[in-house]
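Take a look at the structure set out below.
All of the numbers you see were taken from the coordinates with simple rules; none came from a lab. Being a predicted model, the structure only gives us computed values, none of them experimental. We place every Cβ from the backbone using ideal geometry, glycine too, and count neighbours over all the protein chains shown.
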Amino acid sequence: MTETTPDWFRIVRHYPNQIGPTVPFLLGAIRDPVGEVPTSRASAQVELRDLLGRMYDEIVPDYGVNIQWCETTDAFVVAPIWPGRSLTWQQHTLNAHNVDTLAAELWKLYGDPITDGEYSKNGNWHRFTSTEVTKIRAALARVL
């Protein structure tokens, strides 16, 4: 991996947690500034679709990511997989057969918290804490 490692992958790989960030967490983490509330519900939905498209299209050497259910957070998370090549997900669980239907299914689940800028989940969805923002910035600063 080089300095062109995508921002979304740096969060997936280096944010310190057990499996990987939730889908809303990842979306909020790569906003500029980190955690900023979307300008509209429609723009947030487009951002989610665009993120999933980038995750599907961008190649990170030797790595892929998998969207999977996490019992601990009671949400879908984005987990790094090695070896891997692209974005994967459990098509039957999410009832999604391509990136567009995946985006639609995830939007049904997380559209409200994303629209409200509540990207983090600890029981309930909430805005990033200052500690989370510090950890996100550290992960984004990593090259690999």
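A few points about this structure:
- Whole-Å semi-axes of the ellipsoid equivalent to the range 14-83 (Cα gyration tensor, √5λ, descending): 21, 16, 11
- Cα gyration tensor shape of the range 65-110, rounded if a/c is under 1.5, else prolate or oblate by comparing a/b with b/c: oblate
- If you wrap the Cα atoms of the range 35-144 in a convex hull and average its projected area over all directions, you get 7.4 nm².
- When only Cα pairs below 8 angstrom with a gap of at least 6 residues are kept, the chain shows a relative contact order of 34 percent.
- Per-selection Rg to Rh, the range 2-42 - Cα, Kirkwood hydrodynamic radius: 1.02
- For the chain, calculated [θ]222 nm from helices alone, where every DSSP H run of n ≥ 4 adds -39500 (n - 2.57): -13500 deg cm²/dmol
- Neighbour-count ranking [beta-carbon atoms within 10 angstrom, fewest first] of Ser86, Ser43, Ser130: Ser130, Ser43, Ser86
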